[in-house]
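Report on the following structure.
No lab work stands behind these numbers, since they all come straight from the coordinates. Source: prediction; values computed, not measured. A quick note on method: Cβ atoms are made from the backbone with ideal geometry, for glycine too, and the neighbour counts reach across all protein chains shown.
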Amino acid sequence: MSLTTTSETGAIGLRALRCLSARDMVGLRGLLADDAVVEWPFAGRKIATFRGGDTAIKMFSPINIFASFELTLTDIHEMPEARTVVLEGHSHGVFADSRPDYVNRYVFILNIAGGKVTRWREYFNPIEGGKAFGRPDECGVTPVAVLPA
């Protein structure tokens with residue numbers, strides 16, 4: 001992740017996502033407000049919103065099932081006057097077991113106040129999430145039969 005920033009808002013957003021990519025939950029927790037709200041709007045009804053920094057960390061912790069995980073950020077859009085940073089990127093995770101690699105694209109919208117992330121909205125492809133984690137019902141995706149060619 002070689003993006004640079006010109007604002008404190010952008011710097012905090014980059015730090016938070018670098019912690020996530022490194023699977024540094026202690027560092028990430030230090031950047032989340034105690035009353036932070038984390039939303040995964042495309043995740044479906046069952047697992048879409050988490051309230052509180054500690055709850056958010058519990059929801060991010062399954063990232064540790066990967067033998068390796070990398071989040072590559074490709075673009076940053078800073079709006080320091082609105083205390084908001086938008087980051088775009090993609091991930092590549094290799095499972096410790098025999099599952100196929102997890103690859104997804106993301107848009108993160110982070111609101112920052114008092115040096116902490118107060119709201120984290122993470123948009124991703126729920127079909128890829130459902131395939132990788134074997135929970136299509138929790139990702140708002142219904143499995144589709146593949147028709148013969």
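Over the chain, what is the percentage of antiparallel beta bridges among all DSSP beta bridges, to the nearest 5?
Details: 33 of 37 bridges.
Antiparallel bridges: around 90 percent, rounded to the nearest 5.
Determine the gain in length on full extension of the stretch Arg99-Tyr123; use 0.36 nm per residue of separation and subtract their C-alpha separation, reporting nm with one decimal. Write out the running numbers ahead of the final one.
Working: separation 24, 0.36 × 24 = 8.64 nm, distance 2.30 nm.
The span from Arg99 to Tyr123 would gain 6.3 nm if fully extended.
Would you tally the net charge around Asp24, using a Cβ to Cβ cut-off of less than 11 Å, leaving Asp24 out, and scoring K and R as +1, D and E as -1?
Details: positive: Arg15, Arg18, Arg23, Arg29; negative: none.
Taking every other residue near Asp24 into account, the sum is +4.
From the helices alone, meaning DSSP H stretches of at least four residues, give me the mean residue ellipticity at 222 nm for the chain, per-run term -39500 (n - 2.57), in deg cm²/dmol to the nearest 500. If you can, show how the numbers build up before the last one.
On the way: 4 runs with 38 residues, N = 149.
Taken over the chain, the calculation gives -7500 deg cm²/dmol.
By the scheme Lys and Arg +1, Asp and Glu -1, what is the net charge of all other residues having a beta-carbon under 13 Å from that of Val86?
On the way: positive: Arg83, Arg119, Arg121; negative: Asp75, Glu78, Glu88, Glu122.
Within the 13 Å Cβ shell, the charges total -1.
Distance in nm between label sites at Thr55 and His92, each 7 Å beyond Cα in the beta-carbon direction?
It works out to 3.5 nm between the two label points.
Taking every pair of alpha-carbon atoms in the chain, what share in percent sits in each 5 Å bin, from 0 to the bin with the longest distance?
With 5 Å bins starting at 0, P(r) equals 2, 10, 18, 22, 21, 14, 7, 3, 2, 1, 0, 0.
Which of the helices in the chain meet the span-like rule: DSSP H, Cα axial reach of 18 Å or more, Kyte-Doolittle mean at least -1.0?
Values: long enough: 8-22 (21 Å, 0.60).
Span-like helices here: 8-22.
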